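*Asks:* Supplied in structure tokens, the structure appears directly below.
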Amino acid sequence: MLFKKFFPLIFSYFALIVAAILLDYLLHLFGFPGVGRYLGIAGTLLILLSFLYSLRKRRLIEAGSPRGMLALHEYLAWAGAMMILVHSGIHFQALLPWLAAGAMMLVVASGHIGKFLLRRSREALRNKQQTLAAGGLSEEEIEKQLFWDALTLRLMTQWRMVHIPFVMVFVTLAILHILSIFFFWNWK
Ligand code: HEM
Ligand code: HEM
């Protein structure tokens, strides 16, 4: 059933928001509300690290399997976005950083949809796996081939045409926010 497959992703998305609220609550409870400010830097670094996947995908680095690096992308981006939500806090003083945070949550939602599409594509290719296995290829080679095949499927291509502009908007707004902080904020 479609919903059964999509449920873990909906859960993951809302778990991110709940985790951020919980962490924010705990920081306030134990008297460290200022930590949130630094979680903006930590979260940004984690999201930057998550782009290692893009380098691996384009063979600019060789470390890790493509599949493993995608999983790393998902975990790091999830954790980074959660930290940035805590950093955002429950106050509204400026529009720009909130637009950046909104764009980030759209990118995260879109990332979850991409994960769903990718999983479906890979399931559709399972039959092909059996055919290849019969042809005498090793399991590792088959896994690699399936991964790249899955990525070329049409739905994924269409999804990327939506996802990448979202990412660009998010990155632009985040850079503007960070620059404005460095130029105009009084660090005391
Ligand atoms: C702020 C958070 C995120 C940003 C900025 C981001 C950015 C990106 C970018 C730029 C790509 C394209 C990779 C490439 O072709 O080089 C991508 C792909 C992808 N992301 Fe994310 N992402 C984020 C969060 C997530 C999350 C939370 C998930 C999953 C739960 C996710 C799942 C995926 C998937 C499945 C792909 C497709 C892989 C592919 O096309 O090769 N992303 N993401
Ligand atoms: C190097 C990374 C970052 C640094 C150094 C940083 C720094 C700051 C600082 C100093 C503030 C307080 C501004 C004030 O009180 O007037 C702030 C607020 C905020 N930041 Fe960041 N930030 C970073 C990354 C991000 C990112 C990537 C996002 C969103 C995607 C973000 C979203 C926000 C939001 C929503 C607020 C609250 C604005 C408000 O109170 O209305 N930050 N940031």
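The values are calculated or read from the model by the stated rules, or taken from the named source; none is laboratory data. The structure displayed is predicted, hence computed values, not measured ones. Neighbour counts run over all protein chains shown; Cβ positions are idealised from the backbone, glycine included.
*Asks:* Name the pairs: first residue in the stretch 90-110 and within 6 Å of ligand 2 (Cβ to nearest atom), second residue in a helix (DSSP H, G or I), Cβ to Cβ under 6 Å, at least 6 apart or on different chains?
*Replies:* 97/177; 100/173; 100/174; 100/177; 101/88; 104/81; 104/170
*Asks:* Could you list, in sequence order, all residues of the stretch 6-48 that are within 14 Å of ligand 1 (Cβ to nearest atom) and of a type in the set (Ser, Thr, Tyr)?
*Replies:* Matches in the stretch 6-48: 12, 13, 44.
*Asks:* Here's something else I'd like to know. For residues that are outside any loop (DSSP other than H, G, I, E, B) and of a type in the set (Gly, Ala, Ser), scanning just the stretch 1-45, find the one that is modelled with the lowest pLDDT.
*Replies:* Going residue by residue through the stretch 1-45, those that are outside any loop (DSSP other than H, G, I, E, B) are 2-29, 35-45.
From the residues that got through so far, the ones that are of a type in the set (Gly, Ala, Ser) too are 12, 15, 19-20, 36, 40, 42-43.
Details: 12: 96, 15: 97, 19: 98, 20: 97, 36: 85, 40: 96, 42: 97, 43: 98.
So the residue we want is 36.
*Asks:* Take the stretch 82-104 and flag every residue that is more than 14 Å from ligand 1 (Cβ to nearest atom) and buried (at least 21 other Cβ atoms within 10 Å of the Cβ).
*Replies:* 86, 97
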